[in-house]
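Chemist: I have a structure here, written as C-alpha cells, and I will follow up with some questions on it.
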Amino acid sequence: MSDMERLHRIKYMIQQRKCVPREDFLSELEVSPATFKRDLEYLRSRLKASIVYDRFMGGYKFENPDQVDKIEMPGLWFSEKEATALVLMQHLLSSLDQGGLIGPHIEPLTAIIDGILGQSETSAKELRKRIKVLGMGARKNSIDNFSEIGAALLKRNRLEISYYAKGKDELTEREISPQRLIFYRENWYLDGYCHLRDGLRSFAVDGIRKATLSNKRAQEISEKECQEHFSESYGIFSGKATQRAKLRFTPEHARWVSGENWHGQQVGSFDKDGYYTLEFDYNQDPELVMDILKHGSGVEVLGPASLKKRIKDELTKSLERY
C-alpha cells in the first residue's frame with residue numbers, strides 16, 4: 001500500500017467507524033507504530049485534519065466531524081465500497097453492450113479499477129464472475145461508426161451517413177444533426193434532426209453503414225422539443241402523440257404489468273376484481289402491438305378502435321399460418 005493510499009484509508013476508517021483504536025490501524029494498514037504516527041502527523045499538519053485521541057472511547061476520531069468533507073485529500077482515490085460500486089457499473093455497462101459499441105472504449109478503465117481494489121477480499125474479478133446480465137434481442141453492431149457518432153455529439157457537428165432502413169429495405173444518404181444517443185431494449189439508437197426529411201428522426205445505430213463527421217454545425221433542437229417528439233408517445237420510434245391506448249389486463253397479468261413502465265406518463269389503476277387498466281399516449285404502433293401480443297389472452301384492448309383492429313389482424317394472420 002502506498003503512502004497516499006494509507007492516508008486515504010486512515011481518513012476513511014475514521015469516517016466509517018467514528019472512533020478507531022490504534023491497534024486496528026496497525027493491523028489493517030500493516031504498518032509499524034512509527035509509520036502510523038508519521039501518517040497521523042502529516043494528516044494533522046499538512047491536510048488540517050482534526051484527528052484527536054479520545055481516551056474515554058479508546059481510539060482516534062475527528063474532533064469536528066462536520067469538517068471532514070472539507071479535508072482536501074491529494075490524488076484520486078476510492079474507498080473499497082466506492083471502488084466496488086465502480087466495478088459493478090463498469091461490468092453492467094459492458095454486459096449490456098452486447099453489440100460491442102463501447103466495450104473497447106472502456107476497457108482501460110478495467111485495469112484502473114483492478115488496481116484500486118488491489119488484493120482486497122472482494123476483488124474486481126470475483127465480482128464480475130458473480131454478476132451476469134442476460135440480454136435478449138440485441139442486434140450485432142459495428143464499432144466502426146461509434147467514434148464518429150460520439151465525436152459529432154460532443155463537438156455538435158453534423159454527420160453524413162449512409163443509412164439502411166430494414167423495414168423498407170432501403171439505403172439512403174443523409175445529413176443529420178445528432179441530438180442524443182439512446183440505449184433501448186438492448187440496442188443503440190441515435191436521435192437526430194434529418195436534413196433530408198426535414199424533421200426529427202430516430203436511427204438504429206446498426207443501420208448506419210457509414211458515418212462521416214462534417215464541418216457544419218449541428219442544428220440544435222431544444223430539449224423540450226426532443227422530449228415532446230421522442231418521449232411523449234409510446235416507444236422509441238414515436239413522434240408526437242396522436243392517439244391514446246387503453247388496455248385491460250387480467251389479474252394474473254396485472255401483477256406483472258402494474259410494476260412495469262410502458263410509458264413515462266402512463267396512468268394505471270386496479271378495479272375491485274383485480275383487473276388492471278393501463279392508459280398512455282402513442283403515435284406509431286409496431287412496438288406496442290408486439291408488447292400487447294406477448295400477453296395473449298391476458299390483455300384486452302379497450303381503445304382506440306384502430307389499435308383493436310391491428311391486434312385482430314395480427315392474430316388472424318398468425319392463425320392462417322397454422
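The values are calculated or read from the model by the stated rules, or taken from the named source; none is laboratory data. All figures in this text were calculated on a predicted structure; none of them were measured in a lab. Positions of Cβ are generated from backbone atoms using ideal geometry, with glycine treated the same way; all protein chains shown enter the neighbour counts.
Chemist: Tell me which residues, restricted to segment 52-66, are outside any loop (DSSP other than H, G, I, E, B) and either of a type in the set (A, V, I, L, M, F, W, C) or in contact with a Leu (Cβ under 7 Å, 6 or more places away or on another chain) (or both). Please lay out each step first, then the result.
Modeler: Quick first cut of segment 52-66, residues outside any loop (DSSP other than H, G, I, E, B) only: 52-54, 59-62, 65-66.
Selection gives VAL52, PHE62.
Chemist: Determine if segment 23-32 includes at least one residue that is modelled with pLDDT of 90 or more, surrounded by 14 or more Cβ atoms within 10 Å (Cβ to Cβ) and outside any helix (DSSP H, G or I).
Modeler: Checked segment 23-32: at least one residue is modelled with pLDDT of 90 or more, surrounded by 14 or more Cβ atoms within 10 Å (Cβ to Cβ) and outside any helix (DSSP H, G or I).
Chemist: Report yes if THR277 is assigned to a strand (DSSP E or B) and either surrounded by 15 or more Cβ atoms within 10 Å (Cβ to Cβ) or free of Cβ contacts under 8 Å to residues at least 12 places away in the same chain (or both), otherwise no. Break it down into steps so the answer makes sense when it comes.
Modeler: Working: assigned to a strand (DSSP E or B): yes; either surrounded by 15 or more Cβ atoms within 10 Å (Cβ to Cβ) or free of Cβ contacts under 8 Å to residues at least 12 places away in the same chain (or both): yes.
When the stated conditions are applied, THR277 passes them.
Chemist: Taking the condition of being part of a helix (DSSP H, G or I), under 32 Å from the mean Cα position of the chain (by Cα), free of Cβ contacts under 8 Å to residues at least 12 places away in the same chain and on the phi < 0 side of the Ramachandran plot, how many residues in segment 280-322 meet it?
Modeler: Adding up the residues that qualify gives 1.
Chemist: Go through (1) touching a strand residue (DSSP E or B) at 6+ places or on another chain (Cβ under 9 Å); (2) outside any strand (DSSP E or B) and name the single condition LYS246 misses.
Modeler: (2)
Chemist: Does TYR189 satisfy being within 26 Å of ASN261 (Cα to Cα), in contact with a helix residue (DSSP H, G or I) (Cβ under 7 Å, 6 or more places away or on another chain), surrounded by 13 or more Cβ atoms within 10 Å (Cβ to Cβ) and at pLDDT below 95?
Modeler: On the way: within 26 Å of ASN261 (Cα to Cα): yes; in contact with a helix residue (DSSP H, G or I) (Cβ under 7 Å, 6 or more places away or on another chain): yes; surrounded by 13 or more Cβ atoms within 10 Å (Cβ to Cβ): yes; at pLDDT below 95: yes.
So TYR189 fits the description; yes.
Chemist: Right, here's the next one. Might you let me know whether segment 257-270 holds any residue that is exposed (fewer than 11 other Cβ atoms within 10 Å of the Cβ), in a loop (DSSP other than H, G, I, E, B) and over 25 Å from the mean Cα position of the chain (by Cα)?
Modeler: Checked segment 257-270: no residue is exposed (fewer than 11 other Cβ atoms within 10 Å of the Cβ), in a loop (DSSP other than H, G, I, E, B) and over 25 Å from the mean Cα position of the chain (by Cα).
Chemist: Next question. So which residues in segment 168-206 are more than 22 Å from the chain's Cα centre (by Cα) and either among the acidic types (Asp, Glu) or outside any strand (DSSP E or B) (or both), if there are any at all?
Modeler: LYS168, ASP169, GLU170, GLU173, GLU175, HIS195, LEU196, ARG197, ASP198, listed by residue number.
Chemist: A follow-up question, please. In segment 263-291, which residues are in contact with a helix residue (DSSP H, G or I) (Cβ under 6 Å, 6 or more places away or on another chain) and β-branched (Val, Ile, Thr)?
Modeler: VAL289
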